[in-house]
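Since the structure comes first, as structure tokens, the remarks are kept for the end.
The values are calculated or read from the model by the stated rules, or taken from the named source; none is laboratory data. Just so it is clear, the model here is predicted, and its values are computed rather than measured. Using ideal geometry, Cβ is built from the backbone for each residue, glycine included, and neighbour counts are taken over all protein chains shown.
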Amino acid sequence: MVTAVRTEETQRSGLIAINLAAIIFGTAALYGKLDISPFWIVMMRGTFASIAIAAVGLLRGGLGLFPTIAQLRGLLVTGILLAIHWVTFFLSVQLAGVAIATLTFAVFPLFTVLLVTMKARRRPSLLELGAGLAIILAVALLVDAKDSDAQLTGAIVGLGSALSFAVFGIKAQILTTQIQPLMVSLIQNLTVALCLTPTLVFNSHAPHTTTDWVCLMLLGVVTTAFMHQLYLFALKRLSATTCSGFIALEPVYAIVFAAIFFGEPLTLWVVVSAALIIGSSIVLLRAEQVTVVLD
């Protein structure tokens, strides 16, 4: 009886954590509304996240064993992929708005399935094909011929963000089984910050107000480091599929927040596309039981 009560309490705390993580994750796209270059946004995100993760590690008594050379090489590659994903995501937000950026990014489960099936040299199942067709239809509805060039470009960049995240997730998933998650996150975020630092001399839209710096600190500390810890907390209490299903709702929160705070239009086509993409993504995540590593 006591075990059953503890199990219920464990699941309840996991559900609270994963819902809070999904809400925080949904705010990430809003930082793309800052009048700052995506390269600056992502570099500072990686910097502040690294500081926060290192602090958590010190408070816990360490980050775990330092990776081997081969593992470090893999972490550097995934860090570069994460930087590409974040830069293209925020660029998509600035070009096309939060709705198109988050919904095209939500296509990443389809790319994941395609990459996994290609690697395994197997044909996609009927369920995977059906979900894929639904996602393609949803993107077509989201970006029609009447869209501006900026929106169309933003959607294409958003799909690039989804593809880079799919590759990142597959490669990073292997590393998290070999290395402590905190160490993985620390090196990946440090790689993001370091590889983007040289690009800042070519980007004039730097943060220049106190509000800018506070927002970037919140993005790195709360939306990245703290959200990651919430996800890991939930993952220990719930299945990876359940956690992924909740995180897949990120575009819903992002679109609602963008409508409230920035007045972005919530059109019928956005709602229909969101339902198709999110529904199909959840189906793909459950079918493949892909453990997603989070932006």
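Here are the numbers:
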quantity: Out of Thr102, Thr112, sole residue that is more than 11 Å from Ile277 (Cα to Cα), within 20 Å of the chain's Cα centre (by Cα) and buried (at least 18 other Cβ atoms within 10 Å of the Cβ); calculated: Thr112
quantity: Residues being assigned to a helix (DSSP H, G or I), among the hydroxyl-bearing types (Ser, Thr, Tyr) and surrounded by fewer than 18 Cβ atoms within 10 Å (Cβ to Cβ) - total across the range 173-187; calculated: 1
quantity: Subset of the range 261-283 [assigned to a helix (DSSP H, G or I) and small (Gly, Ala, Ser)]; calculated: Ser273, Ala274, Ala275, Gly279, Ser280, Ser281
quantity: Candidates Thr197, Thr211 - the one that is touching a residue at least 60 places away in the same chain (Cβ under 8 Å), out of contact with any strand residue (DSSP E or B) (no Cβ under 9 Å at 6 or more places or on another chain), surrounded by fewer than 16 Cβ atoms within 10 Å (Cβ to Cβ) and of a type outside the set (A, V, I, L, M, F, W, C); calculated: Thr197
quantity: Residue satisfying condition, being closer than 19 Å to Ala28 by Cβ, of a type in the set (Phe, Trp, Tyr) and under 15 Å from the mean Cα position of the chain (by Cα), within set Phe257, Phe226; calculated: Phe226
quantity: Residues that are farther than 24 Å from Met183 by Cβ, modelled with pLDDT under 90 and of a type in the set (Gly, Ala, Ser), drawn from the range 201-238; calculated: Ser204
quantity: Gly64 farther than 20 Å from Ala225 by Cβ and more than 18 Å from the chain's Cα centre (by Cα); calculated: no
quantity: Test for Ser50: is it under 18 Å from Tyr231 (Cβ atoms), of a type in the set (Ser, Thr, Tyr) and surrounded by 13 or more Cβ atoms within 10 Å (Cβ to Cβ); calculated: yes
quantity: Selected residue [crowded, with 21+ Cβ neighbours inside 10 Å and out of contact with any His (no Cβ under 6 Å at 6 or more places or on another chain)] from Ile255, Ile170; calculated: Ile255
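Conditions (1) touching a residue at least 60 places away in the same chain (Cβ under 8 Å); (2) assigned to a helix (DSSP H, G or I); (3) in contact with a Gly (Cβ under 9 Å, 6 or more places away or on another chain), marked per residue:
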{"site": "Val113", "(1), (2), (3)": "yes, yes, yes"}
{"site": "Arg122", "(1), (2), (3)": "no, no, no"}
{"site": "Gly132", "(1), (2), (3)": "yes, yes, no"}
{"site": "Gln151", "(1), (2), (3)": "no, yes, yes"}
{"site": "Ile156", "(1), (2), (3)": "no, yes, no"}
{"site": "Asn189", "(1), (2), (3)": "yes, yes, yes"}
{"site": "Ala193", "(1), (2), (3)": "yes, yes, yes"}
